[in-house]
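The values are calculated or read from the model by the stated rules, or taken from the named source; none is laboratory data. All values derive from a computational prediction rather than experimental measurement. Note: ideal-geometry Cβ built from the backbone for every residue, glycine included; neighbour counts use all protein chains shown.
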Amino acid sequence: MKILFLINNAFGIGGTIRTTFNLAGALAARGHDVEVLSTLRNRDVPQLPMDPAIRLTSLVETRPEHAEHFASSSLRGQPALVYPKADYRSGDYDLFVEESYRAFLRASDADVVIATRAGLVAYAAQFAPSRMIRIGQEHLTRRQQRKAMREELPRHIKRLDAFVTVSARDAEDYRAHLGRLGRTELLFIPNSVPQPALPPSDGSSRIVVAAGRLVASKRYDVLIRAFAKVVADHPDWQLRIYGGGTENAALRRLVLELDLHNHVLMPGGFAPIDSEWARGSIAAVPSDREPFGMTLVEAMRCGLPVVSTDAPHGPREILQDGVDGLLTPVGDADAMAQALLRMIGDAELRTAMATAALANSARYDPDPIAAQYEQLFERVAARKRWLRWLGARPRRGSAPDPLGPVPTPGQPVVDCTVTADGEVLLYPARDLAGDATLRWRRIGDDGAQPRELAQDGHSVRLGDLPEGAWELRLQDGRPVAAGMRDTRTLTHPEPPGDGGVTVHLPYRTPDGTFAVRSWRRAVHAEVGAVFADDTGLHVEGRLIGAEFGTQAPVLRACDGEAVHEEPGRAPSPTRFRISVPALAPGTWQLWLEYAPGAPAVRLGRFLDDVADKRTAYVLPAAEVGGARLQPEYTGENELSVRIDS
């Protein structure tokens, strides 16, 4: 059967994209011909992993500089006639997009069309031929839709063959408000989440993980306020909030306001996210509304118990309160703090809940969810048997050629694991021949000689990479995409006993390429906590590869030829504390002189799993005598201070 999914933008990061890719992949694995049509394309490579059996195409290229950007049509900018103005993404749809959809759907030979948002439900209802099985999905809830959308949506739903919600309670709500549906079948089928391709969490880390769009309804402000109470009792625990969105700046300000910058990380978007769930010991979901709760299931499938608000509608249908997680009232930071403290303080309870979460979440595996959709197709087909809907249909009329397919599904992909001793093992995951020659290319230096890797069975050992940033390519120069990166052993690594620092940190570049950042320092000053007050900035850290003698360490701040020296303190032979006072405006690099006559070493943060400290760490500024001192990490994860008057 040929199945067509309609989605607004398959190139972002979000629950609807993930679950669409999951279901599409499961249906493809069951023998169906599956295509995902993205209205918009704003990048070459999807940020989320997608089964190569799926064909991903697009209607509109949004980048003006791109060769396939088309802005000259007289229909551009004219308001759409069918797409509901009350839909949250209506601004993406003008008459040009609408007519492209009309032509594409009417000429499509798909047997099934599945629309993944309210506005696209209108297109499936109005433009898809009646011979198709026309299905709408609700990835929000009825009550989350705007009032005008709630009033308009029923007339589109009643033209469909089926309308699927992702929670039972939302299906009941729709049933109570839609009245007589005629031929439209209204039902609930949950979203699916595949089994992760890495071992589950062992529960040993002191990390609480949250992930999702940073928007008001996700209420990460509640979680941050709750975590302030956690840190008061457990200062060794850390909170990581993954994602991006409109609330990013406000949440960062709240982290600083509550003095949590040494305890809360905000690394931005991360894909695939499974490795970050598996890095943690507890997952937190503070939302006001969760139509389904993809993050709950993803975390549970990685072996994490979940502390979640009892938001409508998903969490209560997913979690068993007190068995595989804890539910708290919506918007109650104190209650969320108490639930987190209960889990953190009771390792036996946390382990039991983690075990239950892993077992209970298996019911969301994509294969049985795809089977439910197949049963739906069969029921609808039986009702439509008077139509000859089976098999490919010739195109009727002319349709616009969609953009794509994008190169991602055919791009070679590698997964990786970092072993306990810091060695990086690469595992070819997709479209990479067993005898393929892999090479490292130094980023930013096209003239450098590439370095080859030797394969060892099914894995590839990293090799002896010099310090720098390196990306992985095939012998013919094609980039290799980054798949799963299991770097949890780097979360709190200990330096080798023979002194110095050697770190190889895998990461994903903005264009999706697999890369590694390597550091090799015989002596290294590792940055720890950072503080700010009215006297300046203060940095605590440890010296690796050497020890302080009887003379106190000295901070050397350099801005071009300007140099300022400031005495520091050494509470122990390997611990230091240095302070940065108000200096002249500029960007000052920070160095540490640890012994008389020894070369100064650059302050940096290398001993963790965060590839880019510039966004992940929320650092406080100091206001001193009219000067603002803002600490910041460089692209090499070394610490500098920007001073403005």
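Counting the residues of region 207-224 that are closer than 22 Å to L341 by Cβ and in a loop (DSSP other than H, G, I, E, B) gives 1.
Residues in region 306-327: is at least one farther than 30 Å from R508 by Cβ, small (G, A, S), crowded, with 19+ Cβ neighbours inside 10 Å and not assigned by TED's automatic domain parsing to the domain that holds F188? Within region 306-327, one or more residues are farther than 30 Å from R508 by Cβ, small (G, A, S), crowded, with 19+ Cβ neighbours inside 10 Å and not assigned by TED's automatic domain parsing to the domain that holds F188.
Among the residues of region 228-247, those identified as over 14 Å from M343 (Cβ atoms) and assigned to a loop (DSSP other than H, G, I, E, B) are P235, D236, G243, G244, G245, T246, E247.
Evaluate the following for P286: is it under 24 Å from the mean Cα position of the chain (by Cα) and either under 18 Å from V193 (Cβ atoms) or not assigned by TED's automatic domain parsing to the domain that holds A168 (or both)?
Details: under 24 Å from the mean Cα position of the chain (by Cα): yes; either under 18 Å from V193 (Cβ atoms) or not assigned by TED's automatic domain parsing to the domain that holds A168 (or both): yes.
Criteria met by P286.
Does P129 fit the bill of being in contact with a helix residue (DSSP H, G or I) (Cβ under 9 Å, 6 or more places away or on another chain) and either among the hydroxyl-bearing types (S, T, Y) or assigned to a loop (DSSP other than H, G, I, E, B) (or both)?
Yes; evaluated as a whole, the condition is true for this residue.
Condition first: farther than 25 Å from K147 by Cβ and more than 33 Å from the chain's Cα centre (by Cα). Now tell me which residues in region 109-127 satisfy that. Reasoning before the result, please.
Here is the first cut: in region 109-127, the residues farther than 25 Å from K147 by Cβ are 109-114, 127.
Answer for region 109-127, where residues must be farther than 25 Å from K147 by Cβ and more than 33 Å from the chain's Cα centre (by Cα): D109, F127.
Apart from one condition, A278 fits all of (1) of a type outside the set (F, W, Y); (2) part of a helix (DSSP H, G or I); (3) more than 17 Å from the chain's Cα centre (by Cα); the exception is (3). Against the list (1) within 26 Å of the chain's Cα centre (by Cα); (2) touching a residue at least 60 places away in the same chain (Cβ under 8 Å); (3) under 22 Å from I157 (Cα atoms), the condition Y88 fails is (2). For region 91-126, filtering for residues that are within 14 Å of E152 (Cβ to Cβ) and not in a loop (DSSP other than H, G, I, E, B) leaves 8.
So that you can scan it fast, the table gives a plain yes or no per residue for (1) modelled with pLDDT of 95 or more; (2) part of a loop (DSSP other than H, G, I, E, B); (3) more than 24 Å from Y507 (Cα to Cα):
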{"residue": "D173", "(1), (2), (3)": "no, no, yes"}
{"residue": "R183", "(1), (2), (3)": "no, yes, yes"}
{"residue": "P194", "(1), (2), (3)": "no, yes, no"}
{"residue": "A197", "(1), (2), (3)": "no, yes, no"}
{"residue": "S205", "(1), (2), (3)": "yes, yes, no"}
{"residue": "A226", "(1), (2), (3)": "yes, no, yes"}
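Scanning region 608-645 for residues that are over 30 Å from the mean Cα position of the chain (by Cα), β-branched (V, I, T) and closer than 18 Å to W591 by Cβ yields one hit, I643.
Can you find, within region 463-477, the residue that is farthest from the chain's Cα centre (by Cα) among those that are over 17 Å from L426 (Cα atoms) and in contact (Cβ under 8 Å) with a residue 40 or more places away in the chain?
Taking region 463-477 and keeping what is over 17 Å from L426 (Cα atoms), we get 466-468, 476-477.
Among the residues that remain, those that are also in contact (Cβ under 8 Å) with a residue 40 or more places away in the chain are: 466-468.
Details: P466: 29, E467: 28, G468: 25 Å.
Filtering first and then ranking leaves P466.
Whenever a residue of region 372-393 is surrounded by 10 or more Cβ atoms within 10 Å (Cβ to Cβ), its partners that are at pLDDT below 55, lying with C-beta atoms within less than 8 angstrom and at least six residues away or across chains, give the pairs A381/W389; A381/L390.
Residue-wise test of (1) within 27 Å of A211 (Cα to Cα); (2) touching a Ser or Thr at 6+ places or on another chain (Cβ under 9 Å); (3) surrounded by fewer than 23 Cβ atoms within 10 Å (Cβ to Cβ).
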| position | (1), (2), (3) |
| --- | --- |
| G15 | yes, yes, yes |
| A24 | yes, no, no |
| V36 | yes, yes, no |
| V45 | yes, yes, yes |
| A67 | no, no, yes |
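Among the residues of region 570-586, the ones that are hydroxyl-bearing (S, T, Y) and exposed (fewer than 15 other Cβ atoms within 10 Å of the Cβ) come to 1 in all. Within region 287-329, being assigned to a loop (DSSP other than H, G, I, E, B) and under 20 Å from S205 (Cβ atoms) holds for C302, G303, L304, P305, D324. For region 261-275, a residue qualifies if it is under 19 Å from V618 (Cβ atoms), of a type outside the set (S, T, N, Q) and in a loop (DSSP other than H, G, I, E, B), and the qualifying residues are H261, H263, G269, F270. Answer yes if at least one residue in region 227-234 is touching a His at 6+ places or on another chain (Cβ under 7 Å) and among the aliphatic types (A, V, I, L, M), and no otherwise. Yes, region 227-234 contains a residue that is touching a His at 6+ places or on another chain (Cβ under 7 Å) and among the aliphatic types (A, V, I, L, M). Counting the residues of region 132-160 that are among the hydrophobic types (A, V, I, L, M, F, W, C), out of contact with any Pro (no Cβ under 6 Å at 6 or more places or on another chain) and outside any helix (DSSP H, G or I) gives 4. Could you check how many residues of region 239-259 are closer than 22 Å to V527 by Cα and crowded, with 20+ Cβ neighbours inside 10 Å? The number of residues fulfilling the criteria is 4.
Mind checking whether some residue in region 604-627 is modelled with pLDDT of 95 or more, on the phi > 0 side of the Ramachandran plot and in contact with an Asp or Glu (Cβ under 6 Å, 6 or more places away or on another chain)? No, the conditions are met nowhere in region 604-627.
Applying the criterion of being more than 35 Å from the chain's Cα centre (by Cα) and not charged (D, E, K, R) to the residues of region 587-607, the residue that is surrounded by the fewest Cβ atoms within 10 Å (Cβ to Cβ) is G597.
Contact annotation: no residue pair with Cβ atoms under 8 Å, 6 or more positions apart or on different chains, pairs a residue in region 199-211 that is at positive phi with a partner that is acidic (D, E).
So that you can scan it fast, the table gives a plain yes or no per residue for (1) under 23 Å from P199 (Cα atoms); (2) of a type outside the set (G, A, S):
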| position | (1), (2) |
| --- | --- |
| H263 | no, yes |
| D274 | yes, yes |
| W277 | yes, yes |
| P291 | no, yes |
| P315 | no, yes |
| M343 | yes, yes |
| L358 | yes, yes |
| S361 | yes, no |
